[in-house]
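Presented below is the structure to which this report refers.
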Amino acid sequence: MSNLNEKDEIMHQDIIPLYAADIHDQLKKQFAYLSGGRGGDGCPVITFPDYPAFSEIPEKEFQNVLTYLTSIPSLRDAGIGFILVIDRRQDKWTSVKASILRIAASFPGNLQLVLVLRPTGLFHRALSDIAFKFNKDEFKMKVPIIMLGSVSELQGYIDKTQLTEDLGGTLDYCHNRWLSRRTAIEGFAQKVKQTAQILQSFGTELAETELPNDVQSTSSLLATHTEKKDKMKEDIRLAVEQGDDILGSITKPVTENPEYKLNQDQLDNQTTVERLLAQLNETESAFDEFWIKHQQKLEQCLHLRNFEQNFREVKAALDIVSERLSAFTDVGNSCSHVEHILKDLVNFEEKSRETVAKARMLASEGDAFIQSNHYAVDSIIPKCSELHHLCDAFTTEMEQKRNVLNKSLELHGLLEKSMKWCDEGIYLLASQPVDKCQSQDGAESALQEIEKFLDTGAGNKIKELKKVYREYAHILNEDLKEHIQKVFQKQESMEEMFQKRQVSLKKLAAKQTRPVQPVAPRPEAFVKSPCTSPGLQRDCVSNTESGVLRKVNYRRGKTEMSELHQSRGGSTMDDEENLAVLRQHVMNELIETERAYVEELLCVLEGYAAEMDNPLMAHLISPELQNKKDILFGNMEEIYHFHNRIFLRELENYVEYPELVGRCFLDQMEDFQIYEKYCQNKPRSESLWRQFSDSVFFQECQRKLDHKLSLDSYLLKPVQRITKYQLLLKEMLKYSKNCEGAEDLQEALNSILGILKAVNDSMHQIAITGYDGNLNELGKLLMQGSFNVWTDHKKGHSKVKDLARFKPMQRHLFLHEKAVLFCKKREENGEGYEKAPSYSYKHSLNMAAVGITENVKGDAKKFEIWYNAREEVYIIQAPTPEVKATWVNEIRKVLTSQLQACREASQHRTLEHTQSLPLPASSCTSPSRNNIRNMKKMDERKADLTGLEGYVTTVASKYPEKGKGWAKTSHSLDASEENDGWSSAEEPLNSSDAEEEGGGGGGGNEMKLIPGKYTVVTDYEKGVSEEFAVKSGDLVQLIREGEDGLWYVKNLTTGREGWIPANNLLMLIGNSKSAQSLSSSESGTASSTLSTSSSCSDSCNASSTSFSDIKG
């Protein structure tokens, strides 16, 4: 800002404290003025015009005006001296003398000449001449005083052109104009000076300002300084405009009349204004130059702060994407899995491309700052280097990950190609018919097929295991190594099978010396069955084989089975091979679909659920959809973690032992309960989806995932998957009948079906409305379904009772362990799950006070549920007899379990009082119990508590007269017998027969079969007729006994009929009673068993009372 100090000397009056504006009123009196005229040597002329009140002017004013007028001319002109023209032509001599003396005493400048126009009156002129001569010494002036008598004399001293018109000259002078111009010039000079000072002060402020450390403060400072600069530039512009106006007013006469000559004062004013304008321009230029530098520094500071802020953000984003990239450590476990990971990697690369591009752009921006000599180069260079390094490192790691996954895809492709080749080879061996291979031509043809297939192994099989390990060493982990080893072992095993088959076929092809008629081996020749019925031959073989397998481990058992089959014939061996291939095929499908399922779940969780928390996608989510992720996806994440971390890995452990996979399901069965929670949430999820299915957010997610199907299709996957397991288990069980794991497979299938039923039931249970209590306190939900219901209560108006008999109510029943609920089904309007019905609660019955009558006369679909000794009777009509049988069986189980609990409590109390009461042992030594001991574990579970029924029957029938405890049973029976509409007239067994069978004392080793209805307790695949089969829970009717120990049986559940050997029939029905003897209220003891369960309504204390009475 040194230039601001240059040429700030405007003129010498800058140091004079007086300005025209300060003494404007004094100057306006015009008792003295500077006309601008000059003497011959350029001396300024000050005129004192005739002013009558001259003597009355205050000294201070007089002094100010003279001081101001003498300060106007330039130093050079003022140094020559002033010429004073004192016009006193109208005055008296005394006044002239006083005026001269006052002027001489107060004049502040140098005087060259004093010209006095003396009074024009004759007297005063003569007096002035005399007085001046005699009083000359009194005028103590250092310059001569010349007394002039007229203006013509005056013109002898001063040129006419330098005199104003009142002195006879031609000089153009207007005092008001002169005063106005002097005021303007001096105001402009002050303006220029102040502007220079302000600019210098502002420059100092800018130079001393400390640069901020953040973008906002820097931007604010730059805006503030720019605003101040603009204001000052505006002030300068106004000052320049003011100067130009003054200069224009000075030169206006010349502009209007080129011949016009400016006097010296006008010329001096012009020069002064021009100098002021030049100084102002120089000051403005100096400030502009300084401002450019300051603005550049501020802008560089702002760029630096923006760069630093962007650097922090970009580096944080790069750290995040680098961390996510480093999480791509999984090399996959199959081609589809690797492809999915590769797709995820590509999607991730696409998402992170913007971040990397921003980082590179920021680095380029920093490089540009460095090239432009930014003041903070030392701070920018390290940051640019770090950005370049991070981007290059990310790109390199991304390429490495891609190469690893491509290599993994190549390896898995090789492994899957080898596995496919092995499967095709096994299928080839299984498909070669044994009977055709017995001939020489057939053997040679089979050999050619094998050799042709082996030729295809060059491009499909793994040749050298070490070479594979070496080539893919950088991607191998323990799981992958184990997988390679298993595939290679499978390949070796398959090749070994081919070699053995080749050896056998070569022998057959070589030893055909004479024609032999090929005969297919008869199944009867394989094993000499001890069974009397050929229909049981398969079962006997199965039992024999399973017994062998249980004595040894799986591999050894497999070897012994192979040897056993070889001893029986080639056909059995090939059948087993075919079954093994089919089992492996089902296992492969199970594992592959499981992997695909896990990948789909992960895809949904990452592509949809995670994106709902992504800030970059938040603008696409409507406010109503926010915070609804748990509703939309339920516990899908929990399901994914279970399958990905546990179940899939466990399944892969059974890949070589597919027949044992049932154990895998059983071990994880509790975890499958998580599907119940998912399915219960599904209605809310689907409702939310329908509301927002057109959301831009879901469309964008679907586009990124490249899915052809929308999200709702994937939300249905868990429901579809849980139902798929039972189909796969059925297939596996179909091909594993004679294998070691068949029992586990059957149990796993039953458990999965149970879960499906529980899920389905729970979907209905959550729709119950109006129940005040907690449904969970009612125990497990066992059954649910819709029925026609009639009421027949002892209490109530007779008309209501009669009306109830004819008009059924539509009720939906929920059977729990502790209660049965009656609800009214209400259909809802809507779509999808919103169409699901709701159930309005009506009333419930405590199972502790419930009894049943299984058969109602006149309708095979009806049964009775009665309450509190038939005070309330509900006649239930099922849709089909099969549904009725299922419900009756389930209610029977509940009542029997209650009866067992009462019996155990009563027995405990009875043993405390006496040890003399004998316990009946007939049920424990019954032939059916002995038969059950020899059945499989599954059959033992289904034949539970049959001995218990015999025990309770004995106690109830022996002491019917007691009024407490079990004596309520007879009361219930009486109530039932009074209404013959609820009893069966077709009951073939009376109560004494049932008592002899159930509680008699030592019968034989076999139970005698008689016609009647029975419940099947175990599955039976085939009878003598191929199409006839029964399953556990079916209701069958023994119609007649035929020859060779066969019984003609009708399956009442399926309606089919057929012959079954008596021995098998005994195992099928166990020690179950006739269906009617257990269900009819007329059947005596057996029926009382179930009715008696209702007697537990008084709790087990009532039961203990009856035993104490017995003791007495």
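The values are calculated or read from the model by the stated rules, or taken from the named source; none is laboratory data. Small disclaimer: the values here were computed from a predicted structure and weren't measured. When we count neighbours, we look across all protein chains shown, and the Cβ atoms used for this are built from the backbone with ideal geometry, even at glycine. Just the protein is used for accessible areas: all its heavy atoms, side chains included, with ligands, DNA and RNA removed. Shrake-Rupley method; radii C 1.70, N 1.55, O 1.52, S 1.80 Å.
Among 101-114, 871-884, 847-860, sorting by the average number of other beta carbon atoms lying within 10 angstrom of each residue, highest first, gives 847-860, 871-884, 101-114. Note on THR329: accessible area approximately 100 square angstrom, rounded to 10, probe 1.4 Å, nucleic acids and ligands left out.
Hey, any idea what % of segment 321-477's accessible area is carbon plus sulfur with a 1.4 Å probe? Here it works out to 52 percent.
Potential lengthening of the chain between ILE646 and SER445 amounts to 67.6 nm, from the contour at 0.36 nm per residue minus the alpha-carbon distance. Rounded if a/c is under 1.5, else prolate if a/b is larger than b/c, else oblate: which is segment 41-100, with a ≥ b ≥ c the root eigenvalues of its Cα gyration tensor? Here segment 41-100 falls in the oblate category. Filter LYS682/LYS730; LYS29/LYS92; LYS893/LYS1031 down to the pairs with a C-alpha to C-alpha distance above 23 Å, please. Long pairs (Cα-Cα over 23 Å): LYS682/LYS730.
Peptides 372-382, 441-451 ranked from most to least packed give 441-451, 372-382, packing being the mean of other C-beta atoms within 10 angstrom over each peptide's residues.
Each part reduced to its alpha carbon centroid, segment 327-398 and segment 602-677 end up 32 Å apart. In this structure, the pairs whose alpha-carbon distance is over 23 Å, taken from LYS486/LYS506; LYS724/LYS757; LYS407/LYS463; LYS825/LYS1013, are LYS486/LYS506; LYS825/LYS1013. In terms of packing, defined here as the mean over residues of other Cβ atoms within 10 angstrom, the peptides 581-593, 156-168 line up highest first as 581-593, 156-168. Lysine pairs in segment 224-331 whose alpha-carbon atoms fall under 25 angstrom of each other, counting only those eight or more residues apart or on distinct chains, come to 9. Computed from the C-beta positions of ASN653 and GLN810 and an R0 of 45 Å, the FRET efficiency is 0.35 to the nearest 0.05. Heavy atoms of the protein chains alone define the surface here; on that basis segment 577-667 has 43 Å² accessible area per residue at 1.4 Å probe size.
Among the protein heavy atoms of segment 186-271, carbon and sulfur supply 48% of the accessible surface, probe 1.4 Å, non-protein parts ignored. Each residue, ALA430 and ASP667, gets one label point 7 Å from its Cα in the Cβ direction; the gap between the two is 2.5 nm.
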